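Only the coordinates and a few stated rules stand behind these numbers; no lab work does. Computed from a prediction, not measured in an experiment: that's the story for all the values here. All Cβ positions, even for glycine, are placed from backbone atoms using ideal geometry, and neighbour counts span all protein chains on display.
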Amino acid sequence: MRDDGPVKDIGRGGVLVGMIGSLLTACGLGRRSDVTAVQDALRGAVEALPEHLAGKVQFQDSAHAGTTISGVLVLAGQDRVQLEQSLLVVLETVSGTYDEQSGVRTAFVRIEAHPEGDRDTRATTAGVLPPSSDANVTTEDLAARFGG
């Protein structure tokens with residue numbers, strides 16, 4: 001009788017890991033979104049808004065850094081109140097667009113807005129929409145606020 005020793009054990013371990021990975025993927029776990037498609041959808045929706053003047057929304061979904069929607073945008077508004085209203089429109093658009101994407105998980109939302117020509121005045125996601133827990137606003141917070 002032949003003894004394959006550790007080689008045979010490694011083969012079995014690899015098969016087991018592969019099976020577990022397949023099961024997790026089938027259940028929707030361990031799966032990541034199509035980052036390019038989600039980012040393009042978010043950018044297109046936000047940049048189509050009349051409130052958007054400049055800047056880009058970024059989308060990141062990685063095992064190490066987590067899932068984040070971020071960006072520094074220049075939005076319409078002459079004062080803080082108008083700027084915050086513009087940011088709320090952007091956040092509502094982000095919420096609706098994100099909900100339409102497949103394979104997405106809860107993401108942190110960290111968008112900062114400035115009026116044109118004024119980098120000192122700013123509005124942030126957490127400033128216009130307090131997070132439900134912790135210090136970070138999530139896509140779940142957006143959905144709760146905007147009915148997504």
Footprinting proxy, Ile69, Ile111: sorted fewest to most Cβ within 10 Å, the residues are Ile111, Ile69
Between the residues Gly103, Leu142, Ala45, the Cα farthest towards the positive end of the dipole of region 35-146, that dipole coming from +1 and -1 charges on the beta-carbon of Lys, Arg, Asp and Glu, is from Gly103
